[in-house]
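The values are calculated or read from the model by the stated rules, or taken from the named source; none is laboratory data. None of the values given here were measured: they were computed from a predicted structure. Quick reminder, even Gly has a Cβ in these numbers, built from the backbone with ideal geometry, and neighbours come from all protein chains shown. Each accessible area value is taken on the protein alone, full model and side chains, heavy atoms only, with ligands, DNA and RNA left out. Shrake-Rupley method; radii C 1.70, N 1.55, O 1.52, S 1.80 Å.
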Amino acid sequence: MKKIIAFGATNSKESINKSLAAFTANQLENIAFEILDLNDFEMPIYSIDKENEEGIHPLALAFKEKISSADGIIISFAEHNGIFTSAYKNIYDWISRIDQNVWENKPMMLMATSPGQRGGKSVLDFAVNMYSYMNQNTITRFSLPSFHQNFDPEKGITEESLRNQHKEQLNQFESAILSQKEEIKTVM
């Protein structure tokens, strides 16, 4: 069975982005998923000096293993001053030192939400542009503006046009995952 990882790119314990990522993963049929919490991967701030002295942090290796074991990735970005949260950026900095092909050309669904009307659009645009350059596989995108008005914990996305946009992007992401061929691993 295909498997994805999903997470909100923030360390907020009450993250609306983690809620959106979990909701999205739950909409997939016949695909297993794991919801990651960035708090489980909290590391010292990346620096080349720290890497040279101590090597790659074990939590970075664990996070990278989660990516490697998945067939697809869902990320919902919180926006801090128009860009990634420092918690997410630090994890990204660490794992990019393991392998510059951070996302291993896996299908990705990139999202953002916020309490405001722009729905994290600045960080989502940045992420889509950056990861489209780095990842040659399918990347879909979705922004949910005004989270508290457009999302219900029981019903999900409540505004019809936004719900339809989300479903369309999710269907493209799911198709990309299901169309991938299984890797045949041989032991020598």
Please give the number of the condition His80 fails out of (1) under 18 Å from Met130 (Cα atoms); (2) modelled with pLDDT of 95 or more. (2)
Out of curiosity, is Leu28 buried (at least 16 other Cβ atoms within 10 Å of the Cβ) and closer than 18 Å to Lys106 by Cα? yes
(1) assigned to a helix (DSSP H, G or I); (2) more than 22 Å from Ile139 (Cβ to Cβ); (3) small (Gly, Ala, Ser): which one isn't true of Ser12, the others all being true? (1)
Whichever residue in segment 35-49 is charged (D, E, K, R) and open to solvent by 50 Å² or more (accessible area, probe 1.4 Å) and, among such residues, is farthest from Ser68 (Cα to Cα): Asp49
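Just the residues that are free of Cβ contacts under 8 Å to residues at least 40 places away in the same chain and either open to solvent by less than 30 Å² (accessible area, probe 1.4 Å) or more than 16 Å from the chain's Cα centre (by Cα) (or both), please, taken from segment 122-132.
Within segment 122-132, the subset free of Cβ contacts under 8 Å to residues at least 40 places away in the same chain is 125, 128-132.
Listed by number, the residues that qualify are Val128, Tyr131.
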Considering only residues that are at pLDDT 95 or above, open to solvent by 100 Å² or more (accessible area, probe 1.4 Å) and acidic (Asp, Glu), which ones fall in segment 147-188? Glu160, Glu168
Which one of the conditions (1) in contact with a Pro (Cβ under 8 Å, 6 or more places away or on another chain); (2) farther than 24 Å from Lys2 by Cβ; (3) in a helix (DSSP H, G or I); (4) open to solvent by less than 20 Å² (accessible area, probe 1.4 Å) does Gly119 fail to meet, given that it meets all the rest? (3)
Could you grab me the full set of residues in segment 63-81 that are out of contact with any helix residue (DSSP H, G or I) (no Cβ under 6 Å at 6 or more places or on another chain) and surrounded by 13 or more Cβ atoms within 10 Å (Cβ to Cβ)? Lys66, Ile67, Ala70, Ile73, Ile75, His80
Taking segment 50-62 only, how many residues are farther than 27 Å from Thr138 by Cβ and either in contact with an Asp or Glu (Cβ under 6 Å, 6 or more places away or on another chain) or open to solvent by less than 50 Å² (accessible area, probe 1.4 Å) (or both)? 4
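Looking for whichever is among the basic types (Lys, Arg) and in contact with a Gly (Cβ under 7 Å, 6 or more places away or on another chain) here; the options are Lys106, Lys121, Lys89, Lys66. Which one fits?
None of the others qualify; the one that does is Lys106.
Condition first: of a type outside the set (S, T, N, Q), part of a helix (DSSP H, G or I) and open to solvent by 10 Å² or more (accessible area, probe 1.4 Å). Now tell me which residues in segment 82-111 satisfy that.
At the first step, the residues of segment 82-111 found to be of a type outside the set (S, T, N, Q) are 82-84, 87-89, 91-95, 97-99, 102-104, 106-111.
Then drop every residue that is not part of a helix (DSSP H, G or I), which leaves 87-89, 91-95.
Ala87, Lys89, Tyr92, Asp93 - these are the residues of segment 82-111 that are of a type outside the set (S, T, N, Q), part of a helix (DSSP H, G or I) and open to solvent by 10 Å² or more (accessible area, probe 1.4 Å).
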